[in-house]
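The values are calculated or read from the model by the stated rules, or taken from the named source; none is laboratory data. Here the structure is a predicted model, which means the values were calculated and not measured. All Cβ positions, even for glycine, are placed from backbone atoms using ideal geometry, and neighbour counts span all protein chains on display. With ligands, DNA and RNA removed, areas are computed over all heavy atoms of the protein, side chains included. Shrake-Rupley method; radii C 1.70, N 1.55, O 1.52, S 1.80 Å.
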Amino acid sequence: MELHELPKPEDLVKDVKYRKLPEKPWMQEPVDFKPGTYNYPALAKNLKKVHMPNPREWHVDQQDWHLPDDWQEIILKGFKDRLEKYRSFRLFMDICVRCGACADKCHFFLGGGDPKNMPVLRAELIRSVYRNDFTTVGRLLGNLAGGRKLTLPVLKEWFYYFFQCSECRRCSVFCPYGIDTAEVTMIGRELLNLVGLNINWVMEPVANCFMTGNHLGIPPHGLVENWEFMQDDIEEITGIKVNLPINKKGAEILFVVPSGDYFADPGSYTFMGYLAVLHEIGLDYTWSTYASEGGNFGLFTSHEMIKRLNAKIYAEAKRLKVKWILGGECGHMWRVIHQYMDTMNGPADFLEEPVSPITGTKFENAKGTKMVHIAEFTSDLIRHGKLNLDPSRNDHIRVTYHDSCNPARAVGLFEEPRDIIRTVCKNFYEMPEDSIREKTYCCAGGAGLGNDENMEMRMRGGLPRANAVRYVRDQRGVNRLLCMCAIDRATLSTMMEYWAPDVSVGGIHELVANALIMKGEKKRTVDFRGEPIPGVEPDEEEE
Amino acid sequence: MTLEKMLADNKKTIAEKWFQSIVGSYPQEAQRFFLNLANPITNPVGSTINRGVEGALECLLKGETLESAEIIQWLDDIIRIRAVQDFTAARAVEFVFDLKKVVRKTVGGSISNSGILEELLTFESRIDSLALLAFNVYMQCREKVYELKTNELKRSTARLVRSACRVWESGERCSPEDLKLE
Ligand code: SF4
Ligand code: SF4
């Protein structure tokens, strides 16, 4: 037999039906809602709790989304209002020159290859409608000028792709015009909300936070029990019963952390870390069962909702008569505080300009919001030698640091976390330059996307971050990925399980607490995870 | 001349063409980004696939047994990515068969005697077996995706469940249901 007589390999598989590549131009290609890549709709009960429009039962994969009859008018009116209200939005609609600098900067595009996940095209989804309805040239030329009508397929496409943007702002770092696609997404979601298109992973935390104070909707007595158990755990590890001041009127400082830190592992170890550090320095502070959530999923809903949820923290600060607010290792809380709080609920002039009672340092950067990030607070303690530390207790941990998007890009907190990590752990290795600091890659689970129905999309979007972690794992033997955000601690854990199973995830204050020598403590044989510290034997009488 | 020698001489070309054919399975707009191998950190899909095909090809040419941990690892690197992308199962592992096309295109013209042709058929049946292993890897990745959901849920409420159990065991205060509003 000769070679040419054999069937060709491609002939053998020609009957297999593959998904075809898009053949039509992107604007005419309707969305194919494939399970694993979209988010489930918000439940009616959650919309009702916060008085949002069109609460009903609907399903993404069904044809009829039960929209109000006049949905187009509602959205176009909302569009017009926002163009008038937000100058930045109008600018972002007008000034993109389609230079492509942002095209390959989004982790969802880099990990999946869907062109509509290029930031420029994501914004184009809405910009095309803007051109059609709000510019003269678009009104006259329509399609030819890159405009298109707001039809049902277009609306569905918005829903798919605006809930495929984690609002991380990586793309904005590379845009020569400073166009922030995350803000375009935010407006896109606001418009979708007007006709009742929202996702449950955003609206349930919003409703719970609004009604009860935290994302899981746990009432005060449940919280207190939960916190007390962690106090017990610390006692088991260190022999010390740490302070746990709750709703204490007249305390100097109110401390607010994301609820993920006390409901979830591995955030819980960070929570225990806060308790240990704040006890050791003897800080006069208080927890609150009302302002029990640093996270603000209003940020993923609407500007109005950001304001409503953020206001609770300040109302509680006022009620408890504290001087200022300290905030935990949360991610997007800091974006809200740094970029929105002052103009939304500020000025917080009933509070004082934050001063560390331990070191006397004035946090001038927090003059307006009166809220200080714990990384700033703790790195200041360390600089002033206020913590007695034994970093060798972290010798079994080889760390790298993921700059969580919001503390990094929205607040610029690059050095403080690194200062702390270097002091409490001898083995710290940076990931490659293009994946850290302001260029950090997102965990792909922020902005409400960190749910289980969206798992495939998360794994795609998580690939760039995971790939850089694998690099330091292979080159430097890294076994712990640190981060400064509760969503990260949850979603990066899952991401590592898929992409780099030998790397665990945790927060910074967990390592601080491991290293912290507390007055009167017993011999430490386990770390804050309760895992044995290698090379340290328990004393015989303890066994 | 043996097939082994022909393949070894053309290893680089074969790896390149194999890589390009895999990238060809992605949307056109993405291809040019995935083909750019200048920086593995900013192009994880392209660079991982490229490393994977080079590694797997090297193993095949060395005549390693198909079950060798190394070759499976190279396949795993590629399939782990494709298993969560917009591909059907068939499309996700089809790239293994692409190697046959590439080999025939690259060295087919120089096959001059039936001895080498026989060698080619043997080599191709090794590729077929590799494809079967690829299905195994694909299935493992998909199973992992389902496991991720369960494990994530467990972690996300770990502390709540723990305190509920402790309260329950102690017989004091409230029941686990009290800890959750709804
Ligand atoms: S980088 Fe800025 S101007 Fe260039 S395409 Fe992207 S959004 Fe438009
Ligand atoms: S996910 Fe991040 S990089 Fe991608 S479009 Fe949204 S803000 Fe930009």
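Summed over segment A:111-138, the residues that are facing chain B (nearest Cβ under 9 Å), buried (at least 21 other Cβ atoms within 10 Å of the Cβ) and within 15 Å of ligand 1 (Cβ to nearest atom) give a count of 2. Annotation note: Cβ proximity below 9 Å between a residue of segment A:219-230 that is facing chain B (nearest Cβ under 7 Å) and a residue that is open to solvent by less than 10 Å² (accessible area, probe 1.4 Å) and among the β-branched types (Val, Ile, Thr) (sequence gap 6+ or interchain) occurs for A:225/B:167; A:226/A:218; A:229/B:167. A search for C-beta distances below 7 Å between a residue of segment A:76-100 that is charged (D, E, K, R) and any residue that is away from ligand 2 (no atom under 16 Å from the Cβ), counting only pairs 6+ apart in sequence or on different chains, returns A:90/A:83.
Specify which of the listed residues (B:78, B:127, B:72) is β-branched (Val, Ile, Thr), within 11 Å of chain A (Cβ to nearest Cβ) and in contact with a helix residue (DSSP H, G or I) (Cβ under 7 Å, 6 or more places away or on another chain). Only one candidate qualifies: B:127. Elements of the type helices (runs of 4 or more DSSP H) sitting completely within segment A:449-543 and holding at least 3 residues that are among the charged types (D, E, K, R): these cover A:455-476, A:486-499.
Filtering A:88, A:128 for residues that are more than 16 Å from ligand 2 (Cβ to nearest atom), of a type in the set (S, T, N, Q) and in the same structural domain as residue A:151 (by TED's automatic domain parsing) leaves a single hit, A:128. In segment B:41-63, the count of residues that are closer than 16 Å to residue A:111 by Cβ, free of Cβ contacts under 8 Å to residues at least 40 places away in the same chain and open to solvent by 50 Å² or more (accessible area, probe 1.4 Å) is zero. Answer with yes or no whether residue A:165 is within 14 Å of ligand 2 (Cβ to nearest atom), among the hydrophobic types (A, V, I, L, M, F, W, C) and not in a helix (DSSP H, G or I). In short, yes.
Selection of segment A:419-450 for residues being over 15 Å from residue A:167 (Cβ atoms) and within 16 Å of ligand 2 (Cβ to nearest atom) yields A:434, A:435, A:436, A:437, A:438, A:439.
Of the residues A:456, A:433, A:416, the single one that is farther than 17 Å from residue A:504 by Cβ and more than 14 Å from chain B (Cβ to nearest Cβ) is A:416. Could we say that residue A:378 is farther than 30 Å from residue A:179 by Cα, buried (at least 24 other Cβ atoms within 10 Å of the Cβ) and within 21 Å of the chain's Cα centre (by Cα) here? So residue A:378 does not fit the description; no.
Considering each residue of segment A:494-516, count those that are β-branched (Val, Ile, Thr) and either closer than 16 Å to residue A:272 by Cβ or not assigned by TED's automatic domain parsing to the domain that holds residue A:277 (or both), and give that number. So the answer is 3. You will find that of A:454, A:427, A:467, the residue that is polar (S, T, N, Q) and touching a strand residue (DSSP E or B) at 6+ places or on another chain (Cβ under 7 Å) is A:427 and no other.
The set of residues from segment A:250-297 being hydroxyl-bearing (Ser, Thr, Tyr), open to solvent by 30 Å² or more (accessible area, probe 1.4 Å) and in contact with a strand residue (DSSP E or B) (Cβ under 9 Å, 6 or more places away or on another chain) comprises just one member, A:269. Considering segment A:208-249, the residues that are farther than 23 Å from residue B:166 by Cβ and touching a strand residue (DSSP E or B) at 6+ places or on another chain (Cβ under 9 Å) include one that is surrounded by the most Cβ atoms within 10 Å (Cβ to Cβ), namely A:248. The residue of segment A:139-185 that is surrounded by the most Cβ atoms within 10 Å (Cβ to Cβ), among those that are more than 16 Å from ligand 1 (Cβ to nearest atom) and within 14 Å of chain B (Cβ to nearest Cβ), is A:164.
Contact map, segment A:125-138: first residue assigned to a helix (DSSP H, G or I), second residue among the acidic types (Asp, Glu), Cβ cut-off under 8 Å, separation 6 or more or different chains; pairs are A:125/A:157.
Just wondering, is there one or more residues in segment B:3-18 that are within 14 Å of another protein chain (Cβ to nearest Cβ) and either of a type in the set (Asp, Glu) or assigned to a loop (DSSP other than H, G, I, E, B) (or both)? Within segment B:3-18, not a single residue is within 14 Å of another protein chain (Cβ to nearest Cβ) and either of a type in the set (Asp, Glu) or assigned to a loop (DSSP other than H, G, I, E, B) (or both).
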